[in-house]
Amino acid sequence: MILAQSSPLRPISANGPVLELKNLGVAYGRGAASVQVVHDVSLAVERGEALGIVGESGCGKSQTMLAALGLLPRGGRITSGQVLLEGQDLVGRSPRQMRPVRGREIALISQDALTSLNPAMTIGKQMAEPMIHYGGMSRSAARQRCTELLDLVGIPGAAARLASYPHELSGGMRQRALIAMAISANPKVLIADEPTTALDVTTQSQILRLIDSLRKELGMALILITHDLGVVAGVADRVAVLYAGRVVETAETETLFAAPRHPYTKALLDSIARIEDDVAERLNPIPGLPPDPRNPVSGCAFHPRCEYSREICRNALPILEDGTGAQHPVRCHVDPFVSSSLRAVGGAR
Amino acid sequence: MLSFIFNRGLQIVPVIIGVTLATFLLAQIIPGDPADVLLGSMASEEARQQLRVALGLNEPIYVQYAIYLKNLLQGDLGQSFTFAQPVTQVIVERLFNTSLLAVAAILLASVAGVAAGTWAALRPGSVRDQGLSVIVLFFNSMPSFWLGLVLILIFGLHLRLLPIGGMQDATGSSGIGSLVAHMALPTITLAAWSLAVIARMTRSSILDVINSDYIRTARSRGVSEVRIVLCHALPNAMPSVITVIGMQMGFLLSGAVLTETVFSWPGIGLAMYQAISTRDIPLIQGGILVLAVAFVLINFAVDILYAYFNPKIKLG
Ligand SMILES: Nc1ncnc2c1ncn2[C@@H]1O[C@H](COP(=O)(O)OP(=O)(O)OP(=O)(O)O)[C@@H](O)[C@H]1O
Ligand code: SF4
Ligand SMILES: [Mg+2]
């Protein structure tokens, strides 16, 4: 929602990405009934970096991240690839081996704030649970820490709120409590899955600013998942655009906004609701629907909705360039904006 | 919470009045002249007429109901001729025995049922889970009196491990050991069906909530699977489990009649069985009234427990 300023690019640390997904694939079901929902996704996020993951509903954003945490629901499985946390592969680890990673190395703010807190437990109790049982904290120390955390995320009357049940809190307060829970063990990577859906516009930008400032304060890497490019604009250093379970374009945020290469990215940019408009209305919603992974589309998955589609788009899957050239990686046969994008960034990248 | 209890308590009043009306009408519907039953068919017409007047049987029906209520409020449920005692006394003496059996059975069914259901839900689809389903089906397709007879056959007659009846007084005059031994088979018989239902409900409610977003939140924070099930899923599954336990308590009261008969357990159930065989109408009436009121009060208690486990209701 904050379109105007984009955060300065951070220097990329020399010792490699803190979290890297390599050729990750996720499927549901087995044999003939198997449905591939994530294909060959490769992403990396550096220490302290903010990576935005953007795509329409159902394009596999959440599934990718749940797979990284080993939290795929029953029936889901990783079909290929690696999840490297500081170089260590997490794929194939048992739940017991994954537990120390969750919350402490990689934390998740899941998609729906309204249902992501346990309705039968007080805020304090659910916040403190891992601290007491896995962090070796005493009850009073955990209580102290929870109060600090709620303070930190801007919940007024933090100490009193510990005794509240989730339904006694507003949507924005619940999201803040979830953020406090996610950062409670100082994770290296914070995954925020659409942290602002179901919130009103004012609260949305407050929550985004909160997440961004916490990231800088605590030096976490942030993976911000959203279907709204406007949301990543003010926060993310880099953006990966997902379509139908595949990465179709990745670029520095500024570059992506100034010179998108993929027709889908272009269409997403055209559809951003601008906050200065009185009517918060989609300008140009992309016509058509994203494909259902149960009926995969041949060739480029975007071709039924793409105005630049050609014969080859229907038959052959475009590959994602590795981005070694002058331009950032894109997965498109036609690359229709090639000249304009070269002009926009002066061909210098 | 207090106002919730008060409001819910108020709702009980009309139900209890309805129950008294039903038991009163029951005596009107049961064929036969009470004077016949009390005096025998050889009594003179004069004697019958005197009794009818004494019992108020010649009054209009609403007056009779008023008399019934008045007596009820004074604790007078009439005279049982089978036991040659006031009905109230018969019931009070046996209420303890029935409660003892019912409470033991519901405790066994709830604790073992919730434990078994939780244990199965920890590994859905596993051998233990499927084993539980088979046992549940077995218990649920077996009438409780039949299970009672089978248990008597195995443990009482074959293995001679446990007494199969003959409990005279459960107030413990012959020692706690004898009491427990006498209670074992009837308790198991009475509990089996409910245990199976509770286990199945616990399992399915846990599996219902285990896919919730808040469970994923807890998992994403490194909470162990055992804690997930016990501390996150089970409390959220509890409201539906408690509802089922409450319903089972009702069934258990009616089940007690059969079980007490099979094991000659000296409770209200056995007394009612005897009352029905001898058409001892005041005792049948009194027994039903007490069981129905107990049923209503149990549901009241269940509602309070339900609210306790469901903070939204408690505060709302
Ligand atoms: N449990 C499941 N079983 C089968 N398919 C699933 C399951 N969960 C998700 N999917 C499928 O995986 C695909 C990707 O879903 P995912 O939740 O990752 O989308 P998303 O990009 O996060 O969308 P949204 O913005 O709606 O959250 C969807 O098409 C969905 O139908
Ligand atoms: S490959 Fe073809 S269909 Fe796909 S985005 Fe590029 S131009 Fe459009
Ligand atoms: Mg999602």
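None of the figures in this text is laboratory data; all of them are computed from the coordinates on show. Being a predicted model, the structure only gives us computed values, none of them experimental. We place every Cβ from the backbone using ideal geometry, glycine too, and count neighbours over all the protein chains shown.
Quick look at the values:
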read-out: Cα-based Kirkwood hydrodynamic radius, segment B:245-316, one decimal, Å; value: 13.6 Å
read-out: Cα-Cα separations in segment B:160-316 greater than 24 Å, expressed as whole percent; value: 53 percent
read-out: Relative contact order computed over chain B (Cα-Cα under 8 Å; 6+ residues apart), in percent; value: 27 percent
read-out: Under 14 Å, Cβ to Cβ, from B:S212 - net charge with Lys/Arg +1 and Asp/Glu -1; value: 0
read-out: Extended-chain gain in nm, criterion 0.36 nm per residue less alpha-carbon gap, A:T202 and A:D322; value: 39.3 nm
read-out: Kirkwood-based shape ratio for the protein assembly as shown, expressed as Rg/Rh from alpha carbons; value: 1.16
read-out: Equivalent ellipsoid semi-axes, chain A, via Cα gyration tensor eigenvalues times 5, rooted, Å; value: 35, 23, 19
read-out: GNM flexibility winner over chain B from B:L162, B:L55, B:L185 (Cα, springs under 10 Å); value: B:L55
read-out: Exposed-site-free run, longest, chain B (rule: trypsin sites (Lys or Arg not before Pro); DSSP loop; at most 16 other C-beta within 10 Å); value: B:1-159
read-out: Amide hydrogen neighbours beyond the local backbone of B:Q79, cut-off 5 Å, H modeled; value: B:V87
read-out: Kirkwood hydrodynamic radius of segment A:102-155, from inverse mean 1/r over distinct Cα pairs, in Å; value: 12.2 Å
read-out: Simple label model, 7 Å out from Cα along Cβ direction - B:R160 to B:S99, nm; value: 3.8 nm
read-out: Alpha-carbon centroids, segment B:56-116 and segment A:55-128: separation in whole Å; value: 57 Å
read-out: Calculated FRET value between B:Q50 and B:D76, using beta carbons and R₀ = 25 Å, to 0.05; value: 0.80
read-out: Cα convex hull of segment A:52-185, projected area averaged across orientations, nm²; value: 9.5 nm²
read-out: Environment charge of B:Q130, counting only residues whose C-beta is closer than 14 Å and scoring Lys/Arg +1, Asp/Glu -1; value: +3
read-out: Percent RCO, i.e. relative contact order, over chain A, from Cα pairs under 8 Å lying at least 6 residues apart; value: 21 percent
read-out: Partner chain coverage, peptide A:71-79 - average Cβ within 10 angstrom; value: 1
read-out: Neighbouring partner chain Cβ atoms per residue of A:117-125, average, 10 Å criterion; value: 5
read-out: Antiparallel content of DSSP bridges confined to chain A, in %, to 5; value: 55 percent
read-out: Residue mean of other protein chain beta carbons inside 10 Å, A:163-176; value: 1
read-out: Relative counts (whole %) of C-alpha pair distances in segment B:156-246, using bins that are 5 Å wide; value: 2, 12, 16, 13, 10, 9, 9, 10, 8, 5, 4, 1
read-out: Where labels lie 7 Å past Cα in the beta-carbon direction, separation of B:N7 and B:Y65 in nm; value: 3.0 nm
read-out: Surrounding net charge for A:K22, when Lys and Arg each add one and Asp and Glu each subtract one, Cβ distance under 12 Å; value: -3
read-out: Computed FRET value (nearest 0.05) for B:W146 with B:A184, which takes r as the C-beta separation and R₀ as 25 Å; value: 0.90
